[in-house]
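Read-outs throughout are calculated quantities, based only on the coordinates presented, and are distinct from any laboratory measurement. None of these values were measured; they are calculated from a predicted model. Heads up, the Cβs are rebuilt from the backbone with ideal geometry, glycines too, and the neighbour counts pull from every protein chain shown.
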Amino acid sequence: MAAPETQRIVIDNCAIATVDADDTEHACGHLVIAGGRIESVGAGPAPAGLGDVVRRIDARGHLATPGLVNTHHHFYQWLTRGLATDHHLFDWLVALYPLWARIDERMCYRAAQGSLAVLAKGGVTTTMDHHYVYPRGCGDLSGAIVRAARETGLRFTLARGSMDRSEKDGGLPPDFAVESLDGALAATEETITAHHDASFDAMIQVAVAPCSPFSVSTGLLRESAELARRLGVRLHTHGSETAEEEKYCQQLFGMRPTDYFASTGWLGDDVWMAHCVHMSDADIAAFARTGTGVAHCPSSNARLAAGIARVPDLLKAGVPVGLGVDGTASNESGELHTELRNALLVNRLGAHRAKALNARQVLRMATYDGARVLGRAGQIGSLEPGKLADVVLWRMDTLAHACIADPVTALVFGAAAPVTASFVGGRQIVEDGRLLTVDEDAVARATREEARRLARITAEG
């Protein structure tokens, strides 16, 4: 029997959007996967004479794209969906922090399972989780999240978050839900040592991710940046999400959020920030000049009435912009594929109107640009020989899509397309819309039980 690295999967007869530098597309083409990487991609049938082909997929009626990349999420919020539905950000946080401050290891594991399962079923092959709530005595939350990611089979970045500004310091979270500055730094370094993999085909990576300017001290923000750069990992936080945040930064620090981030070492090509809704021309120029990335979360921004991010202006300036679900307490669907359509439509309500974004720009944001934001554009995000075989086959011959001639337009403008197959490093994790790696019905039952347990514990005080 041939060695695994020489065994091949051949996918034939599908439309292909490679999302490479030239936006190469094939109306009917092929992909060959070998050893977890893309061996070849092109028009027409796969080359004749390929040896050690273990599987052939006739993908007629499908569109092949790179796997989607989710650049901002909070998995633990899976247990608090559907609450505080008429609140803006600060009121929403005040309403939900009392629940989040009660999470424990088992809850976190089940919430991560639920979040990862829905992402995978919707075509995501790489995701991150920004987890920053570490109540005292809660167990190994980071380890629980990483375990769920390994079991589901998604490529994963744990953004190990932190907070050290609680209610007694003028922050929003309860006192027992935050860490000390030194404790947060030490725990973050331990997480990197335990879980970060810097290799080309890494499945698990770790980023340093203090929560936000209004929940973190200046010292923690500055020392977190120093820690990340000493250890060679990326940095992530929330930035410029709401008008209230901008006012808060001006009152507390005497400057707007972007200037504050610059003063603490938080601009650079190893940094990405979530939301970035309230950005001035000078802010955008600073992000472009430094290569700082953005995770655009259109549904969450709308859910919390944060505003419309200036995505066309960010892209025009050369800022890397990926898409993010954000936490499912502010985006109850938990799906990234719906964010493609929402990003396009919401941004057309802004100043650029019909010229704001088009279907291929949005697909690029959801794939290659998302990989750039996570620092992995050399390995994932486009279908090119030598890259990791993170590939999704979307079924486009259904009633909902069949009469739309352009499959990329059908994918972005149309209804959510069924995922027939999803591969991560050549390993299939979804088939005909069902997960192959975990029992999704069991996950649904477990998450319901944990959500009820969290509600009961919170009510009991």
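Backbone phi angles across the range 57-68, fed through the Karplus curve with coefficients 6.51, -1.76 and 1.60 (θ = phi - 60°), yield HN-Hα couplings of 10, 8, 9, 4, x, 10, 10, 9, 9, x, x, 6 Hz in residue order; Gly and Pro are listed as x. Going by the alpha-carbon gyration tensor, a ≥ b ≥ c the square roots of its eigenvalues, is the range 68-373 rounded (a/c under 1.5) or, if a/c is not under 1.5, prolate (a/b greater than b/c) versus oblate? Verdict is rounded for the range 68-373. Here the range 201-216 and the range 232-253 have alpha carbon centers that stand 15 Å from each other. Counting beta carbons within 10 Å around each of 457, 16 and listing the fewest first gives the order 457, 16. Per residue, the average separation of C-alpha pairs within less than 8 Å and at least 6 apart gives the chain a relative contact order of 20 percent. Report, in degrees rounded to the nearest 10, the 0 to 90 angle that the Cα long axis of helix 281-290 makes with the longest principal axis of the chain. Relative to the chain, helix 281-290 is tipped by roughly 60 degrees.
Note on residue 449 and residue 288: the model spin-label points, each 7 Å out from Cα along the C-beta direction, lie 5.4 nm apart.
Helix 89-100 and the long axis of the chain differ in direction by around 90°, with both axes built from C-alpha atoms. Hydrodynamic analysis of the range 1-137 uses the Kirkwood radius over alpha carbon pairs. Inserted into Stokes-Einstein at 4 °C and 1.567 mPa s, it gives a translational diffusion coefficient of 70 µm²/s. When only alpha carbons are used to place a centre, the range 260-326 and the range 429-444 end up 34 Å from one another. When 401, 131 are arranged by Cβ crowding within 10 Å, least crowded first, meaning fewest neighbours, the order is 401, 131.
Backbone geometry of the range 260-266 corresponds, through the Karplus equation with coefficients 6.51, -1.76 and 1.60 at θ = phi - 60°, to 3J(HN,Hα) couplings of 5, 4, 4, 6, 10, x, 9 Hz, x marking Gly and Pro. As a rough footprinting exposure proxy, the listed residues 121, 355 were ranked by other beta carbons within 10 Å of their own, and the order from fewest upward is 355, 121.
Close amide H contacts of residue 37 (hydrogens built in the peptide plane, cut-off under 5 Å, sequence separation of 5 or more or a different chain): 389. Note on residue 40 and residue 436: the extension gain reaches 140.0 nm, defined as 0.36 nm multiplied by sequence separation minus the Cα-Cα distance.
The lysines within cross-link reach of residue 316, meaning a Cα-to-Cα straight distance under 23 Å and a gap of 8 or more places when in the same chain, are 355. If you take the Cα centroid of the range 140-197 and the Cα centroid of the range 24-49, the two points sit 40 Å apart.
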